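Take a look at the structure set out below.
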Amino acid sequence: MTVLSPVEFRQFEAGDETAFRELNEAWIAGNFVVEDKDWEVLNDPVGHIIAAGGVIFMAMQDGVAIGTCALLAMDAGEFEVAKMTVAEKCRGQGIGKKLLTHVIEYARGMGASRLYLETNSKLQSAIHVYESLGFRHLPAERVKPSPYARADVYMELLLRLC
C-alpha cells in the first residue's frame, strides 16, 4: 500500500498554468460545456485573475497539483470564489472543503468583507460544502447576470459586517 503525503495548499506559482487549466477543463467538461469565458480564464489565469487583483491556490500532494481554487477580485473587499476543483481520483476525501476553508481564511486575513460564488443546482454535494462553511443563497433580486450559462445558484459569505 502506498502512503501519500498530506495535502498542502499554496499560492499559484509560475509553471502552474497547465495544471490549473487541465484540472478545471476536466471538471467543467465532465459536467457541463467549457464556455468561451472559461477558455479566456483557463488560457491566461495570470492575466485574468492574478493581474486583476485576485489570487489562485493550488492543492498539492507529493509535488502534484490535485486541486485549485481562485479568488477573483470584485468590488473593494469582495471576491468571487471560482475555478474550484479537485482531481477526480482525489474526490470524496474532503480535500475540496479543506481547500475552500483555506481560501476563506486567507480572504479573512487580507480583510475581505464578502465572498461570492456561482454554481449549478445539480452539484448538490458542492452546495452542501458551501452551506456547511457559511455560504448563504442570494435572493433573486440580488442576483446579477452571470457570464456562464451553467450558473443557476448564487451564494455569498459575509466575512465582516463593517
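Some notes on this structure:
- In the set (1) touching a residue at least 60 places away in the same chain (Cβ under 8 Å); (2) part of a strand (DSSP E or B); (3) within 25 Å of residue 145 (Cβ to Cβ), residue 9 fails one condition alone, (3).
- Among the numbered conditions (1) closer than 27 Å to residue 44 by Cβ; (2) assigned to a helix (DSSP H, G or I); (3) not β-branched (Val, Ile, Thr), the only one that residue 144 does not meet is (2).
- The residues in region 65-113 that are closer than 16 Å to residue 129 by Cβ, part of a strand (DSSP E or B) and of a type outside the set (A, V, I, L, M) can be counted, and the count is 5.
- Residue selected from region 119-133 under the condition in a helix (DSSP H, G or I) and of a type in the set (Ser, Thr, Tyr), by the criterion farthest from residue 145 (Cα to Cα): 132
- Matching residues in region 11-45 - criterion: being farther than 20 Å from residue 91 by Cβ and basic (Lys, Arg): 37
- Residues in region 81-139 that are acidic (Asp, Glu) and either surrounded by 17 or more Cβ atoms within 10 Å (Cβ to Cβ) or on the phi > 0 side of the Ramachandran plot (or both): 118 only.
Values quoted throughout were computed directly from the atomic coordinates according to the rules given, and no laboratory measurement underlies them. This one's a predicted model, so the numbers in the text were calculated from it and none came from an experiment. We place every Cβ from the backbone using ideal geometry, glycine too, and count neighbours over all the protein chains shown.
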